[in-house]
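Below is one structure; the comments refer to it alone.
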Amino acid sequence: MRLLGVDVGTTSLKAVLFDENGKPLSSASVDYTLLASGELVELEAETYWRIFRQALDQVCPDRLPDAIAIDTQCETLILADENGNPLMNAIVWLDNRAKREAQEIEAQFGRKEIYEKTGQPEVTATWPACKILWIKKHLPEIWSNTRKIFLLEDYLLYRLTGEFATEKTLQSSSLYFDINTGDWWPEMLDFIGIPEEYLPRIEDSGVLLGTYGSCRVVTGAMDQVAGAIGAGIVSETVISEMTGTTMAIFANAKEIPPFRADSIIPCHYNFNGKYCLLLWTPTAGMALKWFKNNLCENFSFRDLDALAEKVPPGSGGLVFLPYLCGSTMPKYNPDARGCFAGLTLEHTRGHFVRSILESVACMLRENLEYLGISPEEIRVTGGGAESPLWCRIKADITGTDLKTLKNKETACLGSAILAGHGIGLFPSIEEASRRFAVPDRVFHPSGADQSDVYNNFRTADRLMQGGLK
């Protein structure tokens, strides 16, 4: 049995073919370039289908897989006529044209009601509700011909099967989906003026939808949920942390946390009818890359790790604040700036590197404390997982076991698991997730007291934030 998981990212598509035991058989990756002009970010809708077919042909050149599921980013919007033909370019999730419309929606409903209905603590121009309101105002001829409103996964499922359907995790940030009921939010639809028949029917993740030739097509999930399934994050005791350019944290939740006016942490509908929390920081690996490119041009990342390995925990009192693009979570402050504090003549290049690694670990602990989460283990992915030193530092500062994973393409694996579940191969998504998300290395906390490292970070942070007021 061959299962294909497809992960459609912002600028690349990845496809991995797995067998029924979660073993990768073949893979393909296709890059593409967005059309960006000012606050407008678009891509011809047909391009998504073309690159999907290209990847499918590369990964399965001889015959189609037995089943397929696709995960995509949430907010990319495609408006089509009654036959499903796109009426304009896809509006990519990054697009910010609808700022005024976001303000209108927030003024009408207020942040509290919107959060309690949709789980989204902010009203931003990226949400599909805001984009549709913008189109109605500025492109009335497009809206007058619109009969189908797709998000990206919906569009690809429609091209594969002819079924006008969606799934709940994908709609979590549309701003017109009620995550309490798992259905559309009528009051928001009325305010924007969206007839419900323009929207696809709603299914759960992992549901058999139709066929594409001999291949059975199953509903997938939003990319973060698929990635969590592929990483084995299917209980509240295990979370995932990805250190790439930014840091992203995924945690399961039984219920929607109460509204907090000072929080911008979103709560999404999860594949199992429960919820998940998504946190991110603007910089993580980006800070180390900035340091390398500007101050250590002739060093590799392995070289930098070797230098930092020689420095004791605490970096000799040197503290780095990684706010090179402001801070988001747990405290939102776009004016926050990065800095090194506590610098003396004794500090070397290795101290600087270790202080950067420690700062990201401190941000991880700070976010977990803000959520009140004490996980039994953290699954780590992204480029940061390739550094054993960084993993050990995170384990020590959080006091939690860290595990890397043998399979690095967790979103593709998660989608493949959903595909297998949809055709009855896996009775339980959770069981398949636990079985296939095989740990590679385990990093236990050393037991050394790291409280000074964390307290120094928090103190420097408070002083910096206070200085900005």
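Remarks
- Among the residues of region 373-386, just one is farther than 26 Å from residue 28 by Cβ and open to solvent by less than 10 Å² (accessible area, probe 1.4 Å), namely 378.
- Residue 271 vs. criteria assigned to a loop (DSSP other than H, G, I, E, B), free of Cβ contacts under 8 Å to residues at least 12 places away in the same chain and in contact with a helix residue (DSSP H, G or I) (Cβ under 9 Å, 6 or more places away or on another chain): no
- Checking each residue in region 74-91 for being open to solvent by less than 40 Å² (accessible area, probe 1.4 Å) and within 13 Å of residue 48 (Cα to Cα) picks out 76, 77, 78, 90, 91.
- Residue count, region 294-348 (criterion: in contact with a Gly (Cβ under 6 Å, 6 or more places away or on another chain) and aliphatic (A, V, I, L, M)): 8
- Which listed residue, of 94, 152, 139, is within 26 Å of residue 256 (Cα to Cα) and open to solvent by 30 Å² or more (accessible area, probe 1.4 Å): 94
One line per residue, one yes/no per condition, for (1) crowded, with 18+ Cβ neighbours inside 10 Å; (2) at pLDDT 95 or above:
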{"residue": "188", "(1), (2)": "yes, yes"}
{"residue": "192", "(1), (2)": "yes, yes"}
{"residue": "202", "(1), (2)": "no, yes"}
{"residue": "251", "(1), (2)": "yes, yes"}
{"residue": "254", "(1), (2)": "no, no"}
{"residue": "262", "(1), (2)": "no, no"}
{"residue": "268", "(1), (2)": "yes, yes"}
{"residue": "282", "(1), (2)": "yes, no"}
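- Exclusive hit being in contact with a helix residue (DSSP H, G or I) (Cβ under 7 Å, 6 or more places away or on another chain), among the small types (Gly, Ala, Ser), modelled with pLDDT under 95 and at negative phi, set 437, 432, 411, 448: 448
- Considering residues of region 318-372 that are within 30 Å of residue 236 (Cβ to Cβ) and assigned to a loop (DSSP other than H, G, I, E, B) only, the residue most open to solvent (accessible area, probe 1.4 Å): 332
- Scanning region 219-249 for residues that are open to solvent by 10 Å² or more (accessible area, probe 1.4 Å) and over 23 Å from residue 376 (Cβ atoms) yields 223, 244, 245, 246.
- Subset of region 20-55 [open to solvent by less than 30 Å² (accessible area, probe 1.4 Å) and over 21 Å from residue 86 (Cα atoms)]: 22, 28, 30, 55
- Residues of region 287-299 include none that is basic (Lys, Arg) and without any contact (Cβ under 8 Å) to a residue 12 or more places away in the chain.
- Among the residues listed as 66, 71, the single one being closer than 26 Å to residue 229 by Cβ and open to solvent by less than 10 Å² (accessible area, probe 1.4 Å): 71
- Residue count for region 413-452, restricted to those that are among the β-branched types (Val, Ile, Thr) and open to solvent by less than 20 Å² (accessible area, probe 1.4 Å): 2
- Restricting attention to region 110-144, the residues that are under 19 Å from the mean Cα position of the chain (by Cα) and of a type outside the set (Phe, Trp, Tyr) total 10.
- Cβ-Cβ under 7 Å pairs, at least 6 apart or on other chains, region 373-400 side more than 14 Å from residue 288 (Cβ to Cβ) and in a loop (DSSP other than H, G, I, E, B), far side among the small types (Gly, Ala, Ser) and open to solvent by less than 10 Å² (accessible area, probe 1.4 Å): 373/251
The values are calculated or read from the model by the stated rules, or taken from the named source; none is laboratory data. Source: prediction; values computed, not measured. Using ideal geometry, Cβ is built from the backbone for each residue, glycine included, and neighbour counts are taken over all protein chains shown. Accessible surface is based on the protein model in full, side chains and every heavy atom, while ligands, DNA and RNA are left aside. Shrake-Rupley method; radii C 1.70, N 1.55, O 1.52, S 1.80 Å.
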